[in-house]
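Input: a single structure, listed below in structure tokens.
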Amino acid sequence: MDLAIKQVSKASADDSLVLLSDGKTRWSDYGLSAAEAAYIQAEHKKERNHLLINHLKRWVYIYFLEKKSAAHLTLEECRRAGQQAHHCFARFKTEKVTVVDALDNATETLAFIEGMALSNYQFLRYRKSAKDKNELRAIGVLSTKIKASDISLLHILVDATCRARDLVNTPVLHLNAVQLAKEFQKLGKEAGFRVEVFNKSKIESLKMGGLLAVNFGSVDHPTFSVMEYKPKGAKNKQPIVLVGKGVVYDTGGLSLKPTANSMDYMKSDMAGAAAVACTLFAIAKAKLPVHVIALVPATDNRPSGNAITPGDIITMHNGITVEVLNTDAEGRLILGDALSFAQQFKPELVIDLATLTGAAVAAIGTFGIVCMGTADEKTKDSLKASGEQVYERLAEFPIWEEYDELIKSDIADIKNIGGPYGGSITAGKFLQRFVKYPWMHFDIAGPSFLHSNSAYRVKGGTGVGVRLLFDFLSKRAK
Ligand code: BES
Ligand code: ZN
Ligand code: ZN
């Protein structure tokens, strides 16, 4: 991320400013004239919540914070306001902005800066020239309430989120399963966590039948990455395991997807993998005292001479046999192996993140994550609270036993599709067959990739999951 965020002790007269105000600000402190102050007050009375004033060498952007009915809604309002300010400065190609916390409120000001910083993200790797390139390179933070450590944490989180976005946005030609694992190794080296990558023969010796079956139609080899961050003084005795779906491209296989608005963005089918790896990156950078392992089974899903066929039967890592009736329901096959593999770590909790079902998108759209699982209520509440805090909200679905009937097979232990209804749940129920520990499943199919901008979540990969898991894990580390 080529955006610096750093604390400053004063703003110089030529610096462009953002003033976060509750209406009680002394405008003269920031070089504004009496006439300007009168204008600002008058506009504020008319309920305009953002204003822009042009001086010879600088712009002063004023934002009046409007408190919402709940603290987390106010924070989200701040992030969105940060995006609006970013949009304004982007038009002027401003390179440096100082944000003044005239609210004297660290969390709200940090949320505003987070919104600005996340809005500065662009994926320009394949564009020779970009007239619309964001030029913002530095955000100064002027506040008596914000600590340097808050700022470095914020920087780590925005950086990790943008790295996840980069991975999701990179097409499969540049990021197959082997290359994805190499990216994980780079992340591990930079942040300080261990990365071990299993190759195809190791995966064969482990009998990961799901991962191998999805890979049958591919010319590229599958990988299985095991990442571990184990700091001295970790608060948890048993690790927390994160599992990410790493389908680097999902054509559907022989059950081929249609192209438009379906297959055409399936480079994003590894968003779960990107999220868990970048979460590990963030917690290692922030040195959180929590022991976390991340597992990523990775392959592309393609049709070819040897591709798995609808009707085939495979044996998974834990010995369960699966009748594969739809090769497009491939995510659960590779995740089943990974969830079974996770057992050996005796985890206190496993959370999987996966772009698993179109049914999750049909149910709640892109505004949240469909979740379900067997973790205790306290853990679920804590996850949901983190979801609200970072505004990556969780909507819990039931996993009633009646759904088990829907994935029964006549000729194998289970089949990989349910009926026409409850598609996200039957996918979750499939995963549950591979789990013998407290577990949560996050279906991120909706929020992981956007087709148009939504405030600071810019079009394309969003990096969803990173901020959520980081918030949750930092609470567990306390
Ligand atoms: N990767 C897709 C799910 C998906 C859909 C992700 C939309 C992101 C946006 C998954 O592998 C899939 O194809 N699921 C099928 C399952 C069905 C065949 C039971 C689906 O949801 O249609
Ligand atoms: Zn699929
Ligand atoms: Zn998929």
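The values are calculated or read from the model by the stated rules, or taken from the named source; none is laboratory data. Bear in mind the structure is a predicted one, so any value in this text is a computation, not a measurement. All Cβ positions, glycine included, derive from the backbone under ideal geometry; neighbour counts span all protein chains shown.
Listed values, structure above:
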item	result
First in the stretch 330-348 and assigned by TED's automatic domain parsing to the domain that holds residue 433 and among the acidic types (Asp, Glu), second anywhere and in a helix (DSSP H, G or I) and surrounded by 22 or more Cβ atoms within 10 Å (Cβ to Cβ), Cβ under 8 Å, 6 or more apart	330/214; 337/209; 337/210; 337/211
Filter result for the condition that a residue is near ligand 1 (Cβ under 10 Å from one of its atoms) and assigned by TED's automatic domain parsing to the domain that holds residue 278, over 298, 307, 362	362
Entirely in the stretch 330-392, the helices (runs of 4 or more DSSP H) that have 1 or more residues that are more than 20 Å from residue 164 (Cα to Cα) and within 16 Å of ligand 3 (Cβ to nearest atom)	331-342, 358-364
Qualifying residue in the stretch 80-88 (condition: among the aliphatic types (A, V, I, L, M), at pLDDT 95 or above and either surrounded by fewer than 23 Cβ atoms within 10 Å (Cβ to Cβ) or part of a strand (DSSP E or B) (or both))	no
Of the criteria (1) touching a His at 6+ places or on another chain (Cβ under 7 Å); (2) free of Cβ contacts under 8 Å to residues at least 40 places away in the same chain, which one residue 174 fails	(1)
Number of the exception - residue 272 against (1) touching a Lys or Arg at 6+ places or on another chain (Cβ under 6 Å); (2) farther than 23 Å from residue 160 by Cα	(2)
Residue check for residue 214: under 18 Å from residue 473 (Cβ atoms), surrounded by 22 or more Cβ atoms within 10 Å (Cβ to Cβ), at pLDDT 95 or above and in contact with a strand residue (DSSP E or B) (Cβ under 9 Å, 6 or more places away or on another chain)	no
Count of residues meeting criterion [over 26 Å from residue 122 (Cβ atoms) and either aliphatic (A, V, I, L, M) or over 24 Å from the mean Cα position of the chain (by Cα) (or both)] in the stretch 58-99	10
Single match in 214, 178 (criterion: closer than 30 Å to residue 255 by Cβ, in contact with a helix residue (DSSP H, G or I) (Cβ under 9 Å, 6 or more places away or on another chain) and either in the same structural domain as residue 337 (by TED's automatic domain parsing) or hydroxyl-bearing (Ser, Thr, Tyr) (or both))	214
Selection status of residue 141, among the aliphatic types (A, V, I, L, M) and either in the same structural domain as residue 248 (by TED's automatic domain parsing) or surrounded by fewer than 16 Cβ atoms within 10 Å (Cβ to Cβ) (or both)	no
Residues of the stretch 219-262 classified as within 14 Å of ligand 2 (Cβ to nearest atom) and under 27 Å from residue 343 (Cβ atoms), total	5
Tally of residues being crowded, with 21+ Cβ neighbours inside 10 Å and over 18 Å from residue 318 (Cα atoms) across the stretch 418-439	5
Criterion violated by residue 264 - all others in (1) of a type outside the set (Lys, Arg); (2) buried (at least 23 other Cβ atoms within 10 Å of the Cβ); (3) assigned to a helix (DSSP H, G or I); (4) within 15 Å of ligand 3 (Cβ to nearest atom) satisfied	(2)
Qualifying positions in the stretch 143-154 - farther than 21 Å from residue 448 by Cα and in a helix (DSSP H, G or I)	148, 149, 150, 151, 152, 153
Residues satisfying the stated conditions in the stretch 422-461, i.e. within 12 Å of ligand 1 (Cβ to nearest atom), touching a residue at least 40 places away in the same chain (Cβ under 8 Å) and of a type in the set (S, T, N, Q)	424, 448
Count of the stretch 408-462 residues which are in a helix (DSSP H, G or I) and either of a type in the set (Asp, Glu) or within 15 Å of ligand 2 (Cβ to nearest atom) (or both)	6
Residue in the stretch 440-458 that is nearest to residue 396 (Cα to Cα), counting only those that are of a type in the set (Gly, Ala, Ser) and surrounded by fewer than 18 Cβ atoms within 10 Å (Cβ to Cβ)	454
Checklist (1) out of contact with any helix residue (DSSP H, G or I) (no Cβ under 9 Å at 6 or more places or on another chain); (2) assigned to a loop (DSSP other than H, G, I, E, B) applied to residue 43, failing item	(2)
Of residues in the stretch 302-325 being within 20 Å of residue 249 (Cβ to Cβ) and in contact with a strand residue (DSSP E or B) (Cβ under 9 Å, 6 or more places away or on another chain), the one surrounded by the fewest Cβ atoms within 10 Å (Cβ to Cβ)	309
Complete set of residues in the stretch 102-128 that are surrounded by 24 or more Cβ atoms within 10 Å (Cβ to Cβ) and in contact with a strand residue (DSSP E or B) (Cβ under 7 Å, 6 or more places away or on another chain)	102, 109, 112, 113, 116, 117
Residue check for residue 404: part of a helix (DSSP H, G or I), at pLDDT 95 or above, among the charged types (D, E, K, R) and over 30 Å from residue 119 (Cα atoms)	yes
Residue check for residue 232: charged (D, E, K, R), away from ligand 3 (no atom under 16 Å from the Cβ) and without any contact (Cβ under 8 Å) to a residue 60 or more places away in the chain	yes
